[in-house]
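The values are calculated or read from the model by the stated rules, or taken from the named source; none is laboratory data. The shown structure was predicted, so the numbers you read here are calculated from the model rather than taken from an experiment. We place every Cβ from the backbone using ideal geometry, glycine too, and count neighbours over all the protein chains shown.
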Amino acid sequence: MMESGSAERDLARERERLQFIIDGAGLGTWEWDVRTNRTEFNETWASMLGYTLAELTPYDYGTWANLVHPDDLARAEAALADCLSGRSENYECEFRMRHKDGHWVWILDQGRVMTRDSTGRPSLMFGTHTDISRLKRSEEELRRGLEEKELLLRETHHRIKNNIASIASLLSLQAGYVTSPEAQSALNEALSRVRSMQTLYTKMLSAHENVRDVSVPGYLTELTDSVVGLFPTAAAVTVEKRLAPITLDAKRLFPLGIILNELLTNAMKYAFQGRARGRIEISLDPGAGRAVFSVRDDGIGLPLDLDPSAPRGFGLTLVRILSEQLGGAARFESAGGTKVTVDFPA
């Protein structure tokens, strides 16, 4: 008798402890007899929706279903069905319920089947309601804030793109007025660099590109065709591209695009002098956290007096500086043509 009384007191204490936890967490509770459809709620369950339990009496499964937002009910019942059938061990769903004053309250509903009969059919299910309206409002405010920032960023990129287009037009116009071949060449090279940036912005702002992640093969292919097409000998030069399908942010694509622009311009201007045809190979290979980018031609090679560690000329100096900006280094080779390799973190 003493042991029975002690067990009952222990059970009572555990119930009090559980009730204390439930009340302290502000949880609404429900208990559903699946066989009879009888349902029991606690006062917190009702008060979340502005009711007292008395106002909802008599209540059953339909009490809950009638208060759930019509757009959310099918999803909630599908999650319930998964739990009842045993396809899911636990039931969890977020949905809206109508408050007494007419507004909608976001609820996190969680539960599980507590008992099943001898055939495995569910007989009793228990669960809790948590008011997550504040969390949902915070998520919505965060989403709107991110959308506004995304819109502002996209608008900024549009303005930069338009400014770059204006600079390109001015350079092109100026090149048409100068008579010095040296000045005209310098202006055209500057124009080519500006257009490499313009190509990237156009790519970033296309409907299919993320502003932060741009397809490297798509950008480099478009840029290559643009640069090579500027030269009257373009039809006599075969360009082979082998570019791994990776994405990079604009901060790294800008210098990579300028590097490609410089190397292609140099190859088209100098590599195939005195020859009817030529070949250029462009490759980008991913590694363990790195990428290896290279441009190779089968032309006349680098000048014999060129120091590969300290290349002369504005273009090659720019390649070396931009390679360092990428966190890598440029390597210049001359054997059966010219090959420049840039190894950088990807």
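Listed here are the residues, each with its yes/no results for (1) hydrophobic (A, V, I, L, M, F, W, C); (2) under 22 Å from Leu135 (Cα atoms); (3) at pLDDT 95 or above.
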{"position": "Leu53", "(1), (2), (3)": "yes, no, no"}
{"position": "Gly62", "(1), (2), (3)": "no, no, no"}
{"position": "Ala65", "(1), (2), (3)": "yes, no, no"}
{"position": "Val68", "(1), (2), (3)": "yes, yes, yes"}
{"position": "Asp71", "(1), (2), (3)": "no, yes, yes"}
{"position": "Ala74", "(1), (2), (3)": "yes, no, yes"}
{"position": "Ser85", "(1), (2), (3)": "no, no, no"}
{"position": "Phe95", "(1), (2), (3)": "yes, yes, yes"}
{"position": "His99", "(1), (2), (3)": "no, yes, yes"}
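Over 14 Å from Leu49 (Cβ atoms), assigned by TED's automatic domain parsing to the domain that holds Asn37 and more than 35 Å from the chain's Cα centre (by Cα) - does that describe any residue in segment 88-111? Checked segment 88-111: no residue is over 14 Å from Leu49 (Cβ atoms), assigned by TED's automatic domain parsing to the domain that holds Asn37 and more than 35 Å from the chain's Cα centre (by Cα).
Any idea how many residues of segment 334-344 are in a strand (DSSP E or B) and either at pLDDT 90 or above or surrounded by 20 or more Cβ atoms within 10 Å (Cβ to Cβ) (or both)?
Result for segment 334-344: 7.
Checked against the criterion of being among the β-branched types (Val, Ile, Thr), under 27 Å from Asn188 (Cα atoms) and part of a loop (DSSP other than H, G, I, E, B), segment 306-324 contains not a single residue that satisfies it.
Can you spot a residue in segment 184-194 that is outside the structural domain of Gly86 (by TED's automatic domain parsing), surrounded by 11 or more Cβ atoms within 10 Å (Cβ to Cβ) and either of a type in the set (Ser, Thr, Tyr) or assigned to a strand (DSSP E or B) (or both)?
Initially, segment 184-194 is screened for residues outside the structural domain of Gly86 (by TED's automatic domain parsing), giving 184-194.
Filter once more, so that each one left must be surrounded by 11 or more Cβ atoms within 10 Å (Cβ to Cβ): 184-194.
If we keep only those that are either of a type in the set (Ser, Thr, Tyr) or assigned to a strand (DSSP E or B) (or both) as well, we get 185, 192.
Looking for residues that are outside the structural domain of Gly86 (by TED's automatic domain parsing), surrounded by 11 or more Cβ atoms within 10 Å (Cβ to Cβ) and either of a type in the set (Ser, Thr, Tyr) or assigned to a strand (DSSP E or B) (or both), one finds at least one in segment 184-194, hence yes.
Residue pairs whose Cβ atoms lie under 8 Å apart, separated by 6 or more positions or on different chains, with the first residue in segment 141-167 and closer than 24 Å to Leu191 by Cα and the second polar (S, T, N, Q), are Lys161/Gln198; Lys161/Thr202; Ile164/Gln198; Ala165/Gln198. A search for C-beta distances below 8 Å between a residue of segment 312-326 that is assigned by TED's automatic domain parsing to the domain that holds Phe293 and any residue that is surrounded by 17 or more Cβ atoms within 10 Å (Cβ to Cβ) and among the basic types (Lys, Arg), counting only pairs 6+ apart in sequence or on different chains, returns Leu326/Arg252.
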